[in-house]
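Q: Below is a structure I'd like to ask you about.
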Amino acid sequence: MKIQVHTDTKIQGHEKFVAVVEAAITKSLGHFNHVTHVEVHLSQENGVAPSKLCIMEASIEGQQSTTVKCEAANLDEAISGAADNLQRTLKTMLERWENEGGATPTPAPDAVAKDIKPRPVRRWENEGGAMPDPDALA
């Protein structure tokens, strides 16, 4: 599983910090074989009380990616909260797939799009810039 960590300008993402984030994610999600890639986005939100936001996006083999977030008072809580949310989401998804008779997950749109043949483009005879009647194009 590949893990990428992104931070905004208010959070320093030095190597030791990134290693801690990667370890937390590996601990929470390492047993999910279908997860190929996790992107972590960390930012500091300015509002009434400054808070930390962690958004995690997991790429799942043959599926659309899934995204979760957690806002907390500090980075540790935001990261662990988002990792827990992602773990629950992935567990629910896997249980749903198993309950559907062990069927494999439906392919992601990119995988389906390869089988779609493009339709020819119809040119508008009207050069005046006005849009043609949609019923006439059918």
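Q: So which of GLU61, GLU45, GLU15 is open to solvent by 30 Å² or more (accessible area, probe 1.4 Å), without any contact (Cβ under 8 Å) to a residue 60 or more places away in the chain and under 18 Å from THR92 (Cα atoms)?
A: Within the list GLU61, GLU45, GLU15, the selection yields GLU61.
Q: Same structure, new question: Condition first: of a type outside the set (Ser, Thr, Tyr), more than 10 Å from LEU90 (Cβ to Cβ) and part of a helix (DSSP H, G or I). Now tell me which residues in the stretch 26-42 satisfy that.
A: Correct list: LYS27 only.
The rows are residues; the columns are (1) at pLDDT below 55; (2) within 29 Å of GLN12 (Cβ to Cβ); (3) not in a loop (DSSP other than H, G, I, E, B).
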{"site": "ALA49", "(1), (2), (3)": "no, yes, no"}
{"site": "GLU57", "(1), (2), (3)": "no, yes, yes"}
{"site": "SER80", "(1), (2), (3)": "no, yes, yes"}
{"site": "VAL121", "(1), (2), (3)": "yes, no, no"}
{"site": "TRP124", "(1), (2), (3)": "yes, no, no"}
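Q: Which ones in the stretch 20-42 are closer than 13 Å to ASP76 by Cα and open to solvent by 20 Å² or more (accessible area, probe 1.4 Å)?
A: Result: VAL20, GLU22, ALA23, ALA24.
Q: Please go through the stretch 48-58 and pick out each residue that is in contact with a strand residue (DSSP E or B) (Cβ under 9 Å, 6 or more places away or on another chain) and open to solvent by 30 Å² or more (accessible area, probe 1.4 Å).
A: PRO50, LYS52, ILE55, GLU57
The values are calculated or read from the model by the stated rules, or taken from the named source; none is laboratory data. Computed from a prediction, not measured in an experiment: that's the story for all the values here. Neighbour counts are summed over all protein chains in view; Cβ atoms, including those assigned to glycine, are modelled from backbone coordinates with ideal geometry. When the accessible area is computed, the model is the full protein with side chains, heavy atoms only, and any ligands, DNA or RNA have been set aside. Shrake-Rupley method; radii C 1.70, N 1.55, O 1.52, S 1.80 Å.
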